[in-house]
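Colleague: Below you'll find the structure I mean.
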Amino acid sequence: MQIKVVHGDISTRDVGAIVVNLFEDVKRLDGATGAVDDALDGAISSLIGEGEIKGKQGEITLIHTFGKISSPRVVVLGLGAPKKFDSNVARNTSGTVARYIQKLGVKKMATITHGTNTGGLETSESVMAVVEGTLLGKYRFNDYKSTKSNDKLEVLEITEIDKSKIQEIKEASIEAKLLVEATTLCRDMVNTPANDMTPTTLSERALDIAATSDLDSNIMDREHMQELGMGALLGVAQGSKEDPKLIELHYKGDPENEANNLAIVGKGITFDSGGISLKPAANMGAMKGDMAGGAAVISAMKAIAALKPKINVSGFVAAAENMPGGSAQRPGDVVKTMTGKTIEIDNTDAEGRLVLADTVAYAHSKGFSRIVDVATLTGAIITTLGYTCTGVFGNSQLLTDAIIECGRQTGEKMWHLPTFEEYKDLYKSDIADIKNTGGRPAGSITGALIIGEFVGDAEWAHLDIAGTSMAKSTTGHAPKGATGVPVRTLVKLTQVLAE
Ligand code: BES
Ligand code: ZN
Ligand code: MN
């Protein structure tokens, strides 16, 4: 989608639909909504008077203009109560209205920046929310439809009457567009079925991105993993005919200062059947999305390379397929990780922590002193936090706080859960150093802590996105399917750490 920033009065624009807004309980219209109302001889205020337009959050009213102004349609978007308004409301309602306009078959839309007066948003904050909301909201995954759906909405105009704001709007819209492209890339990878998204194809996508960005890359193969002693990663992969890959993408934003670094590590299980501890049949297909953490890491690296924060960032993705083949690992097996620590396999379906154990250890061995891993790790996090919020764990309050604050700004909700020492007793093994599960109690916490066993002295945080990486139904800026969480937060984190 093309984004244009236009100086002028929105009521004079000639596009398929113009979007103005209304807060709840507003009786006197001013600003852009007032100007459009005047141009329409009071059509909006009379609909408010009749009680048809209330300004409820996400309310959409279509008014046909029949030649009174250049644009044939005006859409009045409800922003809800000013007290409840924030950039998340702007992002979500922008997504809802974009889908609505797209369905009308409109090619060009114009909008104002929502909520900069009554709503109290900074101009750039509002622009980011409007651009992200619009573009992410109209997203569709069409790759496998032989008849492509009607997707004519191609141009978004942001109209601003105050000339002094134009430059800021242009800059914010460019950054927002980069973040949307990265999020879309992530969604596409996660939505792609596992027959086309193997560890090898995932690594090829990463190489394509590196080739067109300011990123160095390396794909580690099975032989090299064997040399490094990555027995946990290899153990997960051994039941599949697909070769595992450890994908590396490197961005050097502060080459003189090696210690200024961050590793982002993603779980890239391209299909999780559970292995010999086979999952039940119902909804097993959703496990094509078990590489969402890896896809988020690869996609964030693309945006980071474009936005160029002053920090060295590397992405590491453990890509493998968890299958119950004749050579699959068994419950009861013991594997040796690259750190030398041994793990007894209690359940082959707890594979994410196994591949991540070797991958965070590898990142630490490469000198990374800050490690953030992202994984669709546990069903238990859905029991705890539902589909609303990502679980955050870690050994550094500073880092977990920073991530949660970044999530607050991007609208990707996160919540910190505890990692008390006592929980470690749950995954003691009789014969190895640890087991790969801690049983039912505190399932997300033991999963996190097992990864944390392999980060050495690094500051570490873990994001469990099992509940947030896939939307069950369409809302706001997230159509049903892959959400692209937490791409925007990872990018934001690198910008915050670079300051
Ligand atoms: N990939 C799953 C977790 C998952 C569940 C992701 C639902 C998305 C939606 C993970 O590999 C897994 O199977 N975890 C097990 C761990 C258990 C065996 C300790 C789980 O959550 O049941
Ligand atoms: Zn899994
Ligand atoms: Mn599993």
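The values are calculated or read from the model by the stated rules, or taken from the named source; none is laboratory data. This one's a predicted model, so the numbers in the text were calculated from it and none came from an experiment. For neighbour counting, all protein chains shown are included, and Cβ atoms are generated from backbone atoms with ideal geometry for every residue, glycine included. Remember, those area values only see protein heavy atoms, side chains included, never the ligands or the DNA or RNA. Shrake-Rupley method; radii C 1.70, N 1.55, O 1.52, S 1.80 Å.
Colleague: Would you pick out the residues in the stretch 361-376 that are open to solvent by less than 10 Å² (accessible area, probe 1.4 Å), under 24 Å from the mean Cα position of the chain (by Cα) and more than 16 Å from ligand 1 (Cβ to nearest atom)?
Modeller: Passing the criteria: Ala363, Ile371, Val372.
Colleague: Can you name the condition, by its number, that Asn347 falls short on among (1) closer than 20 Å to Ala300 by Cβ; (2) part of a loop (DSSP other than H, G, I, E, B)?
Modeller: (1)
Colleague: Just a yes or no: is a residue in the stretch 410-419 surrounded by fewer than 15 Cβ atoms within 10 Å (Cβ to Cβ) and outside any strand (DSSP E or B)?
Modeller: Checked the stretch 410-419: at least one residue is surrounded by fewer than 15 Cβ atoms within 10 Å (Cβ to Cβ) and outside any strand (DSSP E or B).
Colleague: Condition check: within 16 Å of ligand 3 (Cβ to nearest atom), under 23 Å from the mean Cα position of the chain (by Cα) and β-branched (Val, Ile, Thr). Does Thr400 satisfy that?
Modeller: Answer is no for this residue.
Colleague: Anything in the stretch 318-344 that is within 14 Å of ligand 2 (Cβ to nearest atom) and among the aliphatic types (A, V, I, L, M)? List them, or say none.
Modeller: Passing the criteria: Ala318, Ala319, Ala320, Met323.
Colleague: Out of all the residues in the stretch 135-147, is one or more open to solvent by less than 70 Å² (accessible area, probe 1.4 Å), among the aromatic types (Phe, Trp, Tyr) and in contact with a strand residue (DSSP E or B) (Cβ under 8 Å, 6 or more places away or on another chain)?
Modeller: Looking for residues that are open to solvent by less than 70 Å² (accessible area, probe 1.4 Å), among the aromatic types (Phe, Trp, Tyr) and in contact with a strand residue (DSSP E or B) (Cβ under 8 Å, 6 or more places away or on another chain), one finds at least one in the stretch 135-147, hence yes.
Colleague: Another question about this same structure. Any residue that is open to solvent by less than 30 Å² (accessible area, probe 1.4 Å), closer than 14 Å to Gln2 by Cα and in contact with a strand residue (DSSP E or B) (Cβ under 7 Å, 6 or more places away or on another chain) - is there at least one of those in the stretch 166-179?
Modeller: Scanning the stretch 166-179 turns up at least one residue that is open to solvent by less than 30 Å² (accessible area, probe 1.4 Å), closer than 14 Å to Gln2 by Cα and in contact with a strand residue (DSSP E or B) (Cβ under 7 Å, 6 or more places away or on another chain).
Colleague: Right, here's the next one. Filter the stretch 420-460 down to residues that are open to solvent by 40 Å² or more (accessible area, probe 1.4 Å) and of a type in the set (A, V, I, L, M, F, W, C), then give me how many there are.
Modeller: Here the count works out to 3.
Colleague: Quick one: which residue in Arg28, Arg91, Arg73, Arg99 is open to solvent by less than 20 Å² (accessible area, probe 1.4 Å) and among the basic types (Lys, Arg)?
Modeller: Only one candidate qualifies: Arg91.
Colleague: Considering only residues of the stretch 377-390 that are within 16 Å of ligand 2 (Cβ to nearest atom) and in a loop (DSSP other than H, G, I, E, B), which is surrounded by the fewest Cβ atoms within 10 Å (Cβ to Cβ)?
Modeller: Among residues in the stretch 377-390 that are within 16 Å of ligand 2 (Cβ to nearest atom) and in a loop (DSSP other than H, G, I, E, B), the one surrounded by the fewest Cβ atoms within 10 Å (Cβ to Cβ) is Gly379.
Colleague: What's the number of the only condition in (1) over 22 Å from Val334 (Cα atoms); (2) touching a residue at least 12 places away in the same chain (Cβ under 8 Å); (3) open to solvent by 10 Å² or more (accessible area, probe 1.4 Å) that Leu234 fails to meet?
Modeller: Looking at each condition in turn, Leu234 falls short on (1).
This table checks each residue for (1) within 20 Å of the chain's Cα centre (by Cα); (2) closer than 22 Å to Glu405 by Cα; (3) outside the structural domain of Thr489 (by TED's automatic domain parsing); (4) not hydroxyl-bearing (Ser, Thr, Tyr).
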position: Val76; (1), (2), (3), (4): no, no, yes, yes
position: Phe85; (1), (2), (3), (4): no, yes, yes, yes
position: Leu104; (1), (2), (3), (4): no, no, yes, yes
position: Ala110; (1), (2), (3), (4): no, no, yes, yes
position: Gly120; (1), (2), (3), (4): no, yes, yes, yes
position: Thr123; (1), (2), (3), (4): no, yes, yes, no
position: Thr134; (1), (2), (3), (4): yes, no, yes, no
position: Ser146; (1), (2), (3), (4): no, no, yes, no
position: Leu156; (1), (2), (3), (4): no, no, yes, yes
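Colleague: Looking at (1) open to solvent by 20 Å² or more (accessible area, probe 1.4 Å); (2) in contact with a Leu (Cβ under 8 Å, 6 or more places away or on another chain), can you tell me which one Gly340 breaks?
Modeller: (2)
Colleague: Please find, within the stretch 255-292, the residue that is nearest to the chain's Cα centre (by Cα) out of those that are part of a strand (DSSP E or B) and within 16 Å of ligand 3 (Cβ to nearest atom).
Modeller: For the stretch 255-292, the residue satisfying everything is Gly266.
Colleague: Regarding Arg222, is this residue under 24 Å from Ile304 (Cβ atoms) and charged (D, E, K, R)?
Modeller: no
Colleague: Do we find that Ser173 is farther than 18 Å from Thr96 by Cβ, within 19 Å of the chain's Cα centre (by Cα) and of a type in the set (Gly, Ala, Ser) in this structure?
Modeller: Judged against the criteria, Ser173 is a match.
Colleague: Here is a further query. With the checklist (1) among the acidic types (Asp, Glu); (2) in a loop (DSSP other than H, G, I, E, B); (3) surrounded by 18 or more Cβ atoms within 10 Å (Cβ to Cβ) in hand, flag the one item Asp37 doesn't pass.
Modeller: (2)
Colleague: Find all pairs meeting these conditions: Cβ atoms under 6 angstrom apart; at least six residues apart or on different chains; first residue within the stretch 462-474 and under 12 Å from Gly386 (Cα atoms); second residue basic (Lys, Arg).
Modeller: The qualifying pairs are Ala471/Lys480.
Colleague: Scan the stretch 40-83 residue by residue and report those that are within 19 Å of Tyr100 (Cβ to Cβ), touching a Gly at 6+ places or on another chain (Cβ under 8 Å) and either modelled with pLDDT under 95 or outside any strand (DSSP E or B) (or both).
Modeller: Residues satisfying the conditions are Ile53, Lys54, Gly55, Lys56, Gln57, Gly58, Glu59, Ser71, Pro72.
Colleague: Quick one: is Ser473 small (Gly, Ala, Ser) and open to solvent by 50 Å² or more (accessible area, probe 1.4 Å)?
Modeller: yes
Colleague: Here's something else I'd like to know. Of the residues that make up the stretch 317-336, is at least one within 18 Å of Met189 (Cα to Cα), in contact (Cβ under 8 Å) with a residue 40 or more places away in the chain, in contact with a Leu (Cβ under 8 Å, 6 or more places away or on another chain) and more than 16 Å from ligand 3 (Cβ to nearest atom)?
Modeller: Within the stretch 317-336 (the criterion being within 18 Å of Met189 (Cα to Cα), in contact (Cβ under 8 Å) with a residue 40 or more places away in the chain, in contact with a Leu (Cβ under 8 Å, 6 or more places away or on another chain) and more than 16 Å from ligand 3 (Cβ to nearest atom)), the answer is yes, since at least one residue qualifies.
Colleague: State all residues of the stretch 60-106 that are over 19 Å from Glu132 (Cα atoms), in contact (Cβ under 8 Å) with a residue 12 or more places away in the chain and charged (D, E, K, R); if no residue qualifies, say none.
Modeller: Listed by number, the residues that qualify are Lys68, Arg73, Lys84.
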